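Data block below; observations after.
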Amino acid sequence: MSENVAGGENVTEGEFQEFLITVGYRYNSKTKMGFNTFEGFHAMIGFYSVENRYTLSLGADADNLTALFEKIKAFAGQNKAFVSKAGYKDRQIRMNIKMTVDSDIDREHLKEITRFVTELCKSGIITPLCRICSKNKKTGMYIIGSELMPVCDKCIERKRKQYERRRDMFEKKKQNMPAGIGGAVFGAILGASVYVLLYQFWTGFGIWAGIIVSCIFGGYVVAGKRATKLSAVICEIIAGITLLAAEYTAMVANMAISIERNGGGIAVTEAIESTNSTFSDYSILNAFVMEVLIGIGVMVVIGIIYFLKRKFTRPSKISKNLL
C-alpha cells in the first residue's frame, strides 16, 4: 500500500509488514498489529502515525519486580536513541520505539527491541498470562471487537457465551420509531425550556446546543429502544428546529424582562417587535448567525458520537484462534 500510515514520508504500511517479517512476527490487517508467540508469551507490535512511534506490548507477571524494572530501565537507557518510553504497568510491558523516515533504521530498531523481549521471556523472571483473568494459563491469540489479545480457553469460552447472549438480545430489540420521535420531542421541549429559563444567566450557546441535542438523542433512545442511521437524522432535524426556536424565544423573553424592568409592563407583542428590530443591526444579526453556526457544529459532533455509540451497542465479535 502507498498510504502513509506510519508517520514518515517513506514509511508505509507495506514496509511495516516487511519489518514484522524480518523479526519473525505475523501481521494482522484487521487490527493493524503484528504478533509473535514464543516461550508461552505473546508479544504484539503496533504503529501509531499521530504519535510517530511503534509500540511493543507484552502481557506478563513478575515475581521479582525489582529485577524486571532494572532490566527494562537498563535496556531503555542503553538504547535511548530509539526507545522513547519503556515501563511495566497493569501487568503489561510496553515499549515505545521512535519512528524515522528510513526503513532500514526502523527495521534495525525493531530487531533490537524484539531481541530484548525474546531474551526477557527466556530469563525466567516473568511468566505469561491471560489478558482477561491475568492467570498463568496457556493462551491463544484472538481479536475481540477490534482488539488483539492473548486469552485462555476458559475466558474465551465465557466471552463467546456473553457475545451470543448479547447478540440475541440486540437482535430481539426492535425499534419503535413513533415512540422514539415522541421521546425526542419530549427531550427537545425539556432542553429548550431549561435554555429559555436560564438564558439571561448563562448564554453559552454552544454548550446549550449540546445539552438540547443530547436531551433529544437520549429521549429517542429511551423511548424508541434501538437507534438507527435514520433516527440520527431525525434527531438532528428536531434539534435544529428546537435550537432556533429556543434561541428566538429566549431572546424575546429576555427583551420582555428588560421592558418590564423599565416600567413598560409585560408586553409580549412589544418584546417580539423589539427583538425582530434588533436583527436590522448587522452586528447583532452577525452574532446570531455565528451562534447558530456554533450550535450546528456542536450538533453535528454529538450526532457523530451518537452514531458511533450506536455501532458499539452491537456486541463485540470474537475471532477464531489466530495461532
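The values are calculated or read from the model by the stated rules, or taken from the named source; none is laboratory data. None of these values were measured; they are calculated from a predicted model. Neighbour counts are summed over all protein chains in view; Cβ atoms, including those assigned to glycine, are modelled from backbone coordinates with ideal geometry.
Okay, residues lined up against (1) touching a Pro at 6+ places or on another chain (Cβ under 8 Å); (2) modelled with pLDDT of 80 or more; (3) surrounded by 16 or more Cβ atoms within 10 Å (Cβ to Cβ); (4) part of a helix (DSSP H, G or I):
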site: Lys154; (1), (2), (3), (4): no, yes, no, yes
site: Glu171; (1), (2), (3), (4): no, no, no, yes
site: Pro178; (1), (2), (3), (4): no, yes, no, yes
site: Ala184; (1), (2), (3), (4): no, yes, yes, yes
site: Ile207; (1), (2), (3), (4): no, no, no, yes
site: Ile216; (1), (2), (3), (4): no, yes, yes, yes
site: Glu236; (1), (2), (3), (4): no, yes, yes, yes
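What about Ala245, is it in contact with a Phe, Trp or Tyr (Cβ under 7 Å, 6 or more places away or on another chain) and either in a helix (DSSP H, G or I) or at pLDDT below 75 (or both)? Taking the combined requirement at face value, the residue does not satisfy it. Considering segment 114-152, the residues that are among the hydroxyl-bearing types (Ser, Thr, Tyr) and outside any helix (DSSP H, G or I) include one that is surrounded by the fewest Cβ atoms within 10 Å (Cβ to Cβ), namely Ser146.
Considering Phe69, Phe75, the condition of being assigned to a helix (DSSP H, G or I), surrounded by 19 or more Cβ atoms within 10 Å (Cβ to Cβ) and not acidic (Asp, Glu) is satisfied by Phe75 alone.
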